[in-house]
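Here is the structure we will look at, set down as structure tokens.
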Amino acid sequence: MDISATISMFSSQKWLDYQLLDSGDGLKLERFGSYVLVRPEVQAMWNRALPQSEWDRAAAHFRPSGEESGGHWDFKRKVADKWELSYPLDLAPVGASLFDGQLRFWVMTTPGRHLGLFPEAAAQWDFVVQAVKNAGQPPRILNLFGYTGLASLAAAAAGAQVTHVDASKKSVHWARQNQALSKLDDKPVRWIVDDALKFVFRELRRGAHYDGILIDPPKFGRGPSGEVWEVFKSLPKLMHACRQLLSAEPLFLVLTVYAVKASAVHLGQLLSEVASDFGGRIEIGELANRERNAAAEGRLLSQAVFARWQRE
């Protein structure tokens, strides 16, 4: 069967605890729970829609340095060391489970500009939840570069057996705290600190298989033992290895990429090469956040490109 590709723009409309309030002039104004924050956003080339008085409400402003991810937070008001946010999943509580349908997680102002959450990724969580619900039996899901575990926990809440891999011990610890906060401790999640490529090749030697794989790589990174990751050099090797890890009748293969000079078309062509013998369909596009203010009529701020294959 030929693989057909469609192009989509996804922006979750279910957020209550997060809002993109405004953007422009290389900045974005966001609400994370009770705190309004300002972060740099080079792609926001347009003018701001809201008056300066709205921007002055921000509790903190991240000031970038000359280094790619460097900088510091300039606090105008007191901000908690960490605070709780939630996101509603399309799941009803099951049996005696303590999970109430809300994915809960901690956020905090880190030494970088990130807070442990990429709000636009919620569209991928919704996709995974639906795919797991439609599987008919508990699928095995692998989440590579899983960060603070939100996609892993969404899959587990829907009924999947999940293996979560990240090279950062701190991120995996954070993910486990999110699991406890979401009352998903009874769900089968393996938390693994490892280099993604090394782990995948080790799983291949073991003869392991997964029904769905999520890949969310950085542009550049280092594994626990100093392994170097460079996305344009390392990603093709990882994708072809992941192809071999997929089961005989897999559900999906999802690739999301941030902060690189690559289009969704390029990701789709790589994914088409990897999944060409599976049939199904490939969807490519962008993940965005939509502004919530009357002045700009819901402008979209694209944050990542993606390509995902799924079985028809």
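Quick one: of Lys78/Lys169; Lys14/Lys133; Lys82/Lys198; Lys198/Lys233, which pairs are farther than 22 Å apart, Cα to Cα?
Lys78/Lys169; Lys82/Lys198
Give the residue list of trypsin sites (Lys or Arg not before Pro) in region 13-77 that are DSSP loop and have at most 10 other beta-carbon atoms within 10 angstrom.
Filter output for region 13-77: Arg77.
Which whole-number percent of Cα pairs in region 98-171 have a distance greater than 13 Å?
68 percent
In whole Hz, what ³J(HN,Hα) sequence does region 35-51 give by Karplus (6.51, -1.76, 1.60; θ = phi - 60°), x for Gly and Pro?
Result, ordered by residue: 10, 9, 10, 10, 10, x, 8, 4, 6, 7, 8, 8, 7, 5, 9, 8, x Hz.
State the percentage of accessible surface on the chain attributable to carbon and sulfur atoms; use a 1.4 Å probe and exclude ligands, DNA and RNA.
Answer for the chain is 51 percent, counting heavy atoms of protein chains only.
From the backbone phi of region 290-295, what are the Karplus-calculated ³J(HN,Hα) couplings (6.51 cos²θ - 1.76 cosθ + 1.60, θ = phi - 60°) in whole Hz, Gly and Pro given as x?
Coupling constants for region 290-295: 9, 5, 10, 8, 6, 5 Hz.
Would you mind getting the accessible area per residue of region 13-123, heavy atoms of the protein chains only, 1.4 Å probe, in Å²?
With the other protein chains kept in place, region 13-123 gives 49 Å² per residue.
Which chymotrypsin sites (Phe, Trp or Tyr not before Pro) does region 15-83 hold that lie in a coil by DSSP with at most 14 other beta carbons within 10 Å?
When the chymotrypsin sites (Phe, Trp or Tyr not before Pro) of region 15-83 are filtered for loop state and at most 14 Cβ neighbours within 10 Å, Trp46 remain.
At what distance in nm do the modelled label points of Glu273 and Arg63 sit from each other, each positioned 7 Å from its Cα along Cα→Cβ?
Label at Glu273, label at Arg63, 4.5 nm between them.
Within region 23-85, list the GluC sites (Glu not before Pro) lying in a DSSP loop whose Cβ has at most 11 other Cβ atoms in a 10 Å radius.
Filter output for region 23-85: Glu67, Glu68.
From the backbone phi of region 231-238, what are the Karplus-calculated ³J(HN,Hα) couplings (6.51 cos²θ - 1.76 cosθ + 1.60, θ = phi - 60°) in whole Hz, Gly and Pro given as x?
Values per residue, Gly and Pro as x: 4, 6, 8, 8, 5, x, 4, 5 Hz.
Sort 284-295, 121-132, 232-243 for me by packing, meaning the mean count of neighbouring Cβ atoms within 10 Å per residue, highest on top.
121-132, 284-295, 232-243
Scan around Lys28 for amide H atoms under 5 Å from its own, H built in the peptide plane at 1.01 Å from N, and keep only partners 5 or more places away or cross-chain.
Counting only residues 5 or more places away or on other chains, the set is Arg39, Glu41.
For Lys219, go through the aspartates and glutamates and keep the ones whose alpha-carbon is under 20 Å away, minus same-chain ones fewer than eight residues off.
Candidates past the 8-residue exclusion: Glu41, Glu67, Glu68, Glu120, Asp166, Asp194, Asp195, Glu227, Glu230, Glu286.
Over the chain, what is the mean sequence separation of C-alpha contacts under 8 Å (at least six apart), divided by residue count, expressed as relative contact order in percent?
That works out to 18 percent.
On a 1.4 Å probe surface of the protein chains, which of Asp81, Asp195, Asp56 comes out largest in accessible area, and what is the full order?
So, going from the largest accessible area down, we get Asp81, Asp56, Asp195.
With point charges of +1 on the Cβ of Lys and Arg and -1 on the Cβ of Asp and Glu, referenced to the Cα centre of the chain, which listed residue (Gly279, Leu267, Gly226) lies farthest in the positive direction of the dipole?
Value computed over the given set: Gly226.
The values are calculated or read from the model by the stated rules, or taken from the named source; none is laboratory data. Predicted model only: the values in this text are computed from it and were never measured. In this analysis, Cβ positions are derived from the backbone assuming ideal geometry, glycine residues included, and neighbour counts consider all displayed protein chains. All accessible areas refer to the heavy atoms of the entire protein, side chains included, with ligands and DNA or RNA removed. Shrake-Rupley method; radii C 1.70, N 1.55, O 1.52, S 1.80 Å.
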